[in-house]
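Enquirer: Have a look at this one.
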Amino acid sequence: MNKGTEELIARKGNSVTGSYYLAKCENCEEFFTSESMSGGEPLYSGDYSQCYCPKCGTDDSEISDYGNDAAEAWNVQQKYIDALIAALEQAQQRIYELENDEVRQHLANAEHQLYMAELAKYNLRTSRRAQFRKRLAAEKRIAELEIQNAVSDASIIELKAQYETVRSASQLSVKLPAHKYRECVNGLLEEAIAYAGTQQLRERISSRLANFVQPDHPHTRYAGGTVEGSD
């Protein structure tokens, strides 16, 4: 705001009212209403102290009263001045509002950009976490498959060993004399008839069979691979 505008705004509401008069300071040549002068306090003598110019401080000996006609003209002029000041204040208020709107818009844009930046960082962190979890899941699955492969290899080796054991055992033969063979068969038949449908059947058959043949063990085998029954 320039100096001329400030001086104009300072004259707002400077009409001559009541018993006051239009005054002029002969020292600074400023016009003003006597209401704006300083001093003029009542004294004990019944008189009043000196008044002073509100601009330069000159006492009232240098201040003139311009009379009622000049005061009326001053008031008419003051109305226009007050209207002009009101329009100026409205314009300044509007400029202030527009500037504030622009500032608020800049702030809103900055906040939006900050939000988008934070959102991008959040999405990046979330994506990295998801990739990390996928990598862990893949590594876990690979480890499980490796364990399964190891177990499968061990199972294959075990199955081969069992196959070799069965194949070796299948090469053995047990030979019984004819009368022992008949006695074994007859005994097994008796046990089957006597204990059919009971839980003792397996044990009874095993017990009767043990009288004629024993389970195969490597340390009991003959070098030829056969076990001969006793006479």
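Enquirer: Within region 19-49, which residues have the backbone N less than 14 Å from the label spot 7 Å out from S61 along Cα→beta-carbon, could you tell me?
Expert: Residues 26-27 qualify, since their backbone N sits under 14 Å from the label point.
Enquirer: Before rounding to the nearest 500, sum -39500 (n - 2.57) across all DSSP H runs of length at least 4 in the chain and divide by the residue total; then give [θ] at 222 nm in deg cm²/dmol. Write out the running numbers ahead of the final one.
Expert: On the way: 4 runs with 138 residues, N = 231.
Theoretical 222 nm ellipticity from helices: -22000 deg cm²/dmol.
Enquirer: So if R0 is 41 Å, what FRET efficiency would I205 and Q148 give, r being the distance between their Cβ atoms, rounded to the nearest 0.05?
Expert: So the FRET efficiency works out to roughly 0.50.
Enquirer: Give the label of the value calculated from the structure for Cα extents along the principal axes in Å, choosing from (i) 56, 34, 33; (ii) 168, 34, 31; (iii) 62, 44, 27.
Expert: Only one option fits the structure, namely (ii).
Enquirer: Just subtract the alpha-carbon distance of K121 and S155 from 0.36 nm times their residue separation and send over the number in nm, one decimal.
Expert: Details: separation 34, 0.36 × 34 = 12.24 nm, distance 5.03 nm.
Residue separation times 0.36 nm, minus the Cα-Cα distance, leaves 7.2 nm.
Enquirer: Quick one: order M37, M116 by neighbouring beta-carbon count within 10 Å, fewest to most. Walk me through the numbers on the way to the answer.
Expert: On the way: M37 19, M116 10.
In increasing order of surrounding Cβ atoms, one gets M116, M37.
Enquirer: Please give the FRET efficiency for F132 paired with Q105, using the beta carbon to beta carbon distance and R0 = 45 Å, rounded to the nearest 0.05. Each step should come with its number before you reach the end.
Expert: Values: r = 40 Å, r/R0 = 0.90.
After rounding, the FRET efficiency stands at 0.65.
Enquirer: Sequence gap at least 6, Cα distance under 8 Å: using those rules, report the relative contact order of the chain to the nearest whole percent. Don't skip to the answer; put the middle values down first.
Expert: Values: 155 pairs, mean separation 31.4, N = 231.
Computed over the chain, the figure is 14 percent.
Enquirer: Further question on the same structure: Taking the Cα atoms of region 76-167, report the difference between the largest and smallest coordinate on each principal axis, in whole Å and largest first.
Expert: Projected onto the principal axes, the Cα atoms of region 76-167 cover 134, 11, 7 Å.
Enquirer: Over the residues of region 17-125, compute the C-alpha Rg and express it relative to 2.2 N^0.38 Å.
Expert: On the way: Rg = 27.5 Å, N = 109, 2.2 N^0.38 = 13.1 Å.
Dividing the Cα radius of gyration by 2.2 N^0.38 Å gives 2.11.
Enquirer: Along its three principal axes, how long is region 119-164 when you only count alpha carbons? Whole Å, largest extent first please.
Expert: Taking max minus min along each principal axis of the Cα atoms, region 119-164 gives 66, 6, 5 Å.
Bear in mind these aren't lab numbers, they're just calculated from the coordinates by the rules spelled out. In this text the structure is predicted, and so the values were computed from the model without any measurement. Cβ coordinates were reconstructed from backbone atoms using ideal geometry, including for glycine residues, and neighbour counts include every protein chain displayed.
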